[in-house]
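Accompanying notes for the structure given below.
Taken together, the values in this text are just the output of simple stated rules run on the coordinates, not laboratory data. Computed from a predicted structure; not experimentally measured. Note: ideal-geometry Cβ built from the backbone for every residue, glycine included; neighbour counts use all protein chains shown.
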Amino acid sequence: MTSGFDQGAFDDALDRIETCLGYLKGNELAWQTFHEYGLGTIEMPPALGEFSYSTPCPDGRFKVEYWKYPSIDTQAGWDSSPENIKAQVDGLKQAMDTAWRFGPSWANGVAGQMRDVCAQFTEPFVPTMTGAIEMMQARVVSQLELSVNDDWLELGGAAADWDGRFANNFRIFYDNYNDVVSRFGVFTGWINLGFSLAARLIAGAQQGAGKTADSLRKNLESQLDHWVHDGGDQPNEPGEWPPWVGDMASLVGSTLDLAGKIPIVGEVNELRGLYSQTTAVMQDIDDLTGSNLMPDKKAFAQVQRADEIYECLQTSMYDEYYLNYRAGMDQIDAGGAGEGYVENSFSAQGLLGLMDDVGSQFGLRPVPATNLN
Amino acid sequence: MGELRIDPQQLRTRGTVNVPDQAERMARVAQDLFDGLGSLNSMSALAGDPTALRNLLQVGSDVYDELRKTVGSLNNIGVALVMTADDFHGTDEQAEKKYEHLTPAPLPPDYRDLETPGANSEDGGHVPSTPDAVDPDGYHPGR
């Protein structure tokens, strides 16, 4: 099984988002400074030369070149000597540099912040979870189910005659062995189901966060290309690659629906159904990591400015993925009810409660190594 | 002393072959459960130890403890059946030496606190529980 989520690529995308978000904010601030520098003005006479300026962006691809005639303050007492005009122009360039550099520091820390927001669902390695579940299905659940037949030692009732001090312990152990060992298998099957549902949530959130980060990175790069193309005019059209956001709430709902088909009741004979349900969930995770089962949100945010893109990043990662991931885990614990849900449908809390109800009957009474006769 | 409805030699074979086979088998199953739950415990810690997973691990821990005790009882039962068979033979000391040499199935490791936050690996490493996210609402980058 492959994991559809690449932690390294996700980290790179977040770093790139932080970098590009800083550049974009820098462009916006430099542009604002350019337009606010000389208020109440006339245009600088072309004879004095075209104003050329480029942003101090360290990435040449996104360096914005200005070829403009800026407005110069010509209020009373203004000195129109070439020296003064040069001083004004130099002052404007310096102010634009300072403004631009505030952009990267404004964005500083965004990647780390988003990494923290997403850590609970990006840190777990889904293939480790599914690998452990598959191994336990094959080597624990199946083994316990197929464990033993009644009178597996073919004692033919001999034990009934023994009257040693612990003969009764042995008889209880032997008579109940089959049922109890099968019960261990059923409970392990439920544990596997619960973890497979959790893995489904985690895989979904990973896929969603990964795709969102990637789309925001592309969106940002596209916005920056627009700035370069427009020669220092703030673009009025949002860039290509509208941010993609997955519908995590919907994935949580469908995950809980899977739990709703499996009952947890006392002495069960549901192992086969339980086993196949878990297998189906695992298959589902396989599909999820390999394709686009994570549903799209109906509305894509139309974002353009640095503040809007940051808002989109924060809302999708925290509100959509993190909070719904947490809610989903809470629902796996508490269980749900709804159309198509069986009575006493699966929940982690319910399973723990059932184990408590079974109490001391859950395991087998110990048998010491003594003569049974 | 009660009757013996099974041939002592057959009973001895149950104690030296059949029961140890079963004990070995259950010990392997227990070890696999131990390994599987260990992996899931580590992943649960990384996932922030949600209550759902801690409850599942609590159940897993209990199943494992019972399975482990079952292996111990099976080991004892092997010896007990040999002792019982030899008791009918009346070959006390000689028999005693024989069942002393029965090899018990290896008892899988003891499990403790699987359901508590974080995870300890067998090699002594510790996987801390990933903390809850802080709501970034109101946070402004650069401040």
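Tabulated results
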quantity: Kirkwood Rh, Cα atoms: Rg over Rh of chain A; calculated: 1.29
quantity: Calculated Rg and Dmax of the stretch B:8-110 using C-alpha coordinates, Å; calculated: 18.5, 61
quantity: Residue pairs, from the table A:K93/A:K218; A:K86/A:K218; A:K218/A:K261; A:K63/A:K297; A:K93/A:K297, whose Cα atoms sit over 32 Å apart; calculated: A:K86/A:K218; A:K218/A:K261; A:K63/A:K297; A:K93/A:K297
quantity: Charge dipole magnitude, Cβ of K and R +1, D and E -1 - the stretch B:8-110, Cα centre, debye nearest 20; calculated: 240 debye
